[in-house]
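Below: the structure, in structure tokens.
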Amino acid sequence: MKAEDIKNIACVGAGVIGAGWATNFAMKGYSVAVFDISPESLKKAESIIEKNLQYLADKDLIKKEDIKAIKNKVKYTTDLKEAVEDAQFIQESGPERYDIKEQMLKEIEKYTSKETIIASSTSGLLISEIAKNAVYPERCIGGHPYNPPHLIPLVEITKGEKSSDEAAKTAYDFYAALNKEPVILQKETVGFIANRLQLALYREAIDLVVRGVCTVEDVDKATLYGPGLRLGVMGPNLIFHLGAGEQGIRGLLTSLHDSSAARLKDMANWVEEPEGWPDIAEEGVLKEIENRPQETGKTIPELIKFRDDMLIELLKLHKKI
């Protein structure tokens, strides 16, 4: 199957990620079936999609008069067979547990053709494990978005031991047609690329606070107003490539070798989160919010809006929205 053969999509799992995916798919003109086991979850998903579309219209990214037509592209059902039987592409966004995802895949396979691609939104689980008992494991892949999935372009495509290159390539072309930025991992690994990078940064952030070097707010300021700004423009390797002028990345890494070696020896390498960190983090974040200007958000809904407003402006510069 080719990407252009995909017309109908099923979103299995109607949480924030599933609803975000459904928003994205419907915006791009696809027919979308949203499945969850409870009517309450579906009602919540419908509300999320409505809010997403209204927000996008307020930002002039879609026309207000198109909202109804986009919403009509989405149907909601608690009947899994109804959701997936006509789908050429299934985006599974269930709970992040092997047993649940394996059972969901087992049920999905009862009602789909062997050509239907099944992509899991898992943020770190191995597809080999999820699909170990699948009837057609070759069509099972990972399709990990970054939240919010209707805005962030990244999709990490992962292959299990039995996933076919054809399925991964079709998924790549499909996500690219949505104006996403898909990457295909060449080797299966827990946490993929972005979440491992994010966790490595956060481990060092935790360590600096716990050791008394700085506060939670200092970490956020240093990240946001330092490397964070540059990383919103280019990735770390390209940023380093510009760090030593015409000498490029080799020149920078060579010149910083001794300094980097000293820092690496002093950096965190623990594999268990320090006891009590959730309490420390919460206290620090609440203090940070107190110090924020009102116009940048104080409540979680206000902070989400501020985040998304800023994301949209950056995405416009990248021509990804």
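The candidates M267, M104, arranged from most to least accessible area with a 1.4 Å probe in the full protein assembly, appear as M267, M104. Labels on offer are (1) 1.05; (2) 0.95; (3) 0.99, and the one holding Rg/Rh (Cα atoms, Kirkwood Rh) computed from this structure is (3). For segment 241-321, the Cβ-based charge dipole about the Cα centre amounts to some 620 debye (Lys, Arg positive; Asp, Glu negative; other atoms uncharged). Taking all protein chains as shown and a probe of 1.4 angstrom, H257 keeps an accessible surface of around 110 Å².
Using C-alpha pairs below 8 Å separated by at least 6 residues, the relative contact order for the chain is 13 percent. For the chain, the share of DSSP beta bridges that are antiparallel, to the nearest 5, is 15%. Could you check how many percent of all C-alpha pairs in segment 1-73 are farther apart than 18 Å? Summing the P(r) of segment 1-73 above 18 Å gives 38 percent of all pairs. Among the trypsin sites (Lys or Arg not before Pro) found in segment 156-263, those both in a DSSP coil and sparsely packed, with 12 or fewer other Cβ atoms within 10 Å of their Cβ, are K187, R211.
For segment 148-304, the number of Lys pairs with C-alpha atoms closer than 24 Å, counting only pairs eight or more positions apart or on separate chains, is 9.
Dividing the summed -39500 (n - 2.57) terms of all DSSP H runs of n ≥ 4 by the residue count of the chain sets its mean residue ellipticity at 222 nm at -14500 deg cm²/dmol. Taking P137, P95, P148 in turn, the Gaussian network model of the chain (Cα-Cα springs below 10 Å) assigns the largest fluctuation to P95.
When nucleic acids and ligands are ignored and a 1.4 Å probe is applied, E82 ends up with an accessible area of around 80 Å².
Within 10 Å of each candidate Cβ there may be at most 14 other Cβ atoms; applying that plus a DSSP loop requirement, which GluC sites (Glu not before Pro) in segment 133-188 survive?
Working: sites: E138, E156, E161, E166, E188; in loops: E161, E188.
Filter output for segment 133-188: E161.
Taken over segment 172-316, the alpha-carbon convex hull comes to 182 cubic angstrom per residue. Distance between the C-alpha centres of segment 239-318 and segment 1-30: 31 Å, rounded to the whole angstrom.
Taking T78, T112, T299 in turn, the Gaussian network model of the chain (Cα-Cα springs below 10 Å) assigns the largest fluctuation to T299. Where a ≥ b ≥ c are the square roots of the eigenvalues of the C-alpha gyration tensor, would you call segment 250-306 rounded, which needs a/c under 1.5, or, failing that, prolate if a/b is larger than b/c, or oblate? It is oblate, given that a/c is not under 1.5 and a/b is not larger than b/c.
The values are calculated or read from the model by the stated rules, or taken from the named source; none is laboratory data. Everything quoted here is computed from the prediction, not taken from an experiment. Cβ: placed from backbone, ideal geometry, glycine included. Neighbour counts: every protein chain shown. Quick note on the areas: whole protein, heavy atoms, side chains included, nothing else; ligands and nucleic acids left out. Shrake-Rupley method; radii C 1.70, N 1.55, O 1.52, S 1.80 Å.
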